[in-house]
Structures are given as C-alpha cells and as structure tokens.
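Scroll down for the structure; my scribbles are underneath it.
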Amino acid sequence: MKRILLIFSIFFTPIESLFSQQYNNEMYVPLEIAYFPGYEYRIPWEIDLDKSTWIKILTFPVMYKKESLKLYMQNREEYNRKANIILHEREQCDSLVNNYLRFKLTKYEDYHQYGTGAYYIQENSGDRMYFRCVCIPARELMDLGHGDAVIVGIPVKYIEPKDFVFKFKRYGLDSLNLEEAPYYRIFPMDINPSFDCSKAKSVAEKTICRDSTLAALDRKLVQQFKVALKKKGEEVRNSQKAWLSMRDKECEGKTHEQLVLFLKSLYEKRIQELSAMANE
C-alpha cells in the first residue's frame, strides 16, 4: 500500500492555475478549514510550514480516498479529470459538503459534530483539532494564492492561509467561535451590514453577521436613519440610541432562530418609523 501511495503522489500533476476553469457567479468551491485550540480557534496564517493543513479544497481525492486511488490505478485520464474539478453549482457544492461531513461523522468514532458544517477530532491524548466545511463563491477566491501538496499520499489543493484570513476576516471565516462566526455550508457573501462583522460585540450584531437578510436590513436602516437625521437632527439621534439600547436588551436569552425572527420584525418596524420621521 505504501508503494502504491508513493506512486499515487509522484504522478499527481499540479494544475497551473487553481481557477483556470471557466466559471460564473453561480459556481462555488468547497473548502475544509482547520483550527487548533492553541491558536485560539483561528487560522495560524503567520506559520509558513504545512500551509495545506489549514484550508484544503475538497476535491475528489480528498473526499473519496479509496475510490480515487482505485480510479488512479485503473483510468489515469478519468482520475485527472475528476481530481481537478473544484467548481460546482450551489446545490451540488452543498450536497458534496453535506455528504462529506456525514461520512466523517458516521465512520469515525472520534469525530464529533460542532455546529453546522463543523466537527472536531478527539485525540487519545485529549487534544482536539477543529474543522469547518463551507462553500465559497469562486469569484471570491480568484485573487487568492494557492498551491499543491501531498498529505499521507493524498494530493491536496490548498488556499494560502494568509490571503484567506485577510480577505475573509470581515465575515468571521477566520474563526471557529460559534458566537462570532457564521456557520453555513453555502457561505452567503452578501452578509455585509453597515458595520464590520469582525468587530461585532453585541448579540444583535453577531446575529446580523450570520444572516444575509438581516445584514441587508441593517444597511437599509442606517441609510434611512441618515435621511431622517438630516430632517429631525437631535430628536432622531436620541430616538436611535434608545432603540439600539432596547434592541440589545430584548435580544437576551433568545436562541439564534428566535433572534433572527425578532430582529427582522424589529428592523422592519424601525425602518418604517424612520421613514415616517423623514417625511413629516
């Protein structure tokens, strides 16, 4: 088996460019992101060694090790075709990640789910390694560095950790903290509220940073607030401060699902109020 794996890795041909395939805005790339608690559940982008450990693309050889090895020995051309597929339509990418997670969690006793699209491996020593699986729109990865490596005989395509962290920190994708990071298999890049999600502190702000509809409502509210502020000045400013205080207080003790419903209703009503103030 070792000899086969050695041959397997030697004949793996790196592609010239990770995203050389034709793509459009509907194409996604499935990724597996790894974290160690020793780095405070964040990607250690400052470490140059073993870059392929942190952000791997879920390709055919990574997801289906035995099947890919068998195909490699039987049909090299078909193997190369499958091994270099990294772009998928939205539903297909979601299905691939979901199946990959299901396989991991059902086959290995030391693998445990840790939130949507996330799991950890419980080592015998007591240590744990955490993982997140997510689909990212291909257009968002086009300008990031990437490379090829071989891990335990398996060819791996990876994203440069430093590039990834700097680009996606705003969206919380550099973190495995459930309180601050959105958890999706399909990551919505339209989560872009009026504030920086990497600096979100309140429960309300963190919830907004995990829901694209809330993020859009937050932008709309701020725009409407600015219009009303020009018309009513200090009256609107004081009203908004009181509303934000009420919002944060009312968010206490609610589940994520309850928070989303509550905030959507609250934001819609507040936008109407601000619109009415602006038109008085």
Residue by residue through the range 140-154, which ³J(HN,Hα) values in whole Hz follow from phi under the Karplus form 6.51 cos²θ - 1.76 cosθ + 1.60 (θ = phi - 60°), with glycine and proline marked x?
7, 9, 4, 9, 8, x, 7, x, 10, 8, 10, 10, 6, x, 9
Within the chain, longest stretch clear of exposed chymotrypsin sites (Phe, Trp or Tyr not before Pro) (DSSP loop, no more than 12 other Cβ within 10 Å):
109-280
Amide H contacts under 5 Å for H146, restricted to residues at least 5 apart in sequence or on another chain and with H modeled in the peptide plane, are E160
Length gained when the stretch K226-D163 is fully extended (0.36 nm per residue, less Cα-Cα span):
19.2 nm
Per-residue ³J(HN,Hα) for the range 189-199, Karplus 6.51 cos²θ - 1.76 cosθ + 1.60, θ = phi - 60°, Hz, x for Gly and Pro:
6, 8, 6, 8, x, 6, 10, 7, 5, 5, 10
So what is the 222 nm mean residue ellipticity for the chain from helices alone, if each DSSP H run of at least 4 adds -39500 (n - 2.57) and you divide by all residues, rounding to the nearest 500 deg cm²/dmol?
-14000 deg cm²/dmol
Dividing the surface of the Cα convex hull of the range 106-187 by four yields a projected area in nm² of 6.8
Treating cross-link reach as a plain straight distance, find the aspartates and glutamates whose alpha-carbon is under 14 Å from the alpha-carbon of K269, omitting any fewer than eight places away in the same chain.
D218
Excluding same-chain residues fewer than 8 positions from K104, which aspartates and glutamates have a Cα within less than 14 Å of its Cα?
E32
Can you check what the Kirkwood hydrodynamic radius comes to for the range 212-279, Cα pairs only, in Å to one decimal?
12.4
Report the percentage of all Cα-Cα pairs in the range 2-189 whose separation exceeds 19 Å, rounded to a whole percent.
59
Taking a cut-off of 16 Å between Cα atoms, list the aspartates and glutamates near K70, but don't count ones fewer than 8 places away on the same chain.
E78
Sorted by chain and number, the residues with a modelled amide H under 5 Å from that of V156, at a separation of 5 or more or across chains, are A149, V150, I151
With the chain treated as a Gaussian network of Cα nodes joined by springs under 10 Å, which of Q258, Q113, Q92 yields the largest mean-square fluctuation?
Q258
List every residue whose amide H lies under 5 Å from the amide H of R42, counting only residues 5 or more places away in sequence or on a different chain, with H placed 1.01 Å from N in the peptide plane.
F36
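Read the figures in this text as sums done on the coordinates, not as results from a lab. This structure is a prediction, so every number in the text was calculated from the model and none was measured. Ideal geometry is used to build each Cβ from the backbone, glycine not excepted, and the neighbour counts take in all protein chains shown.
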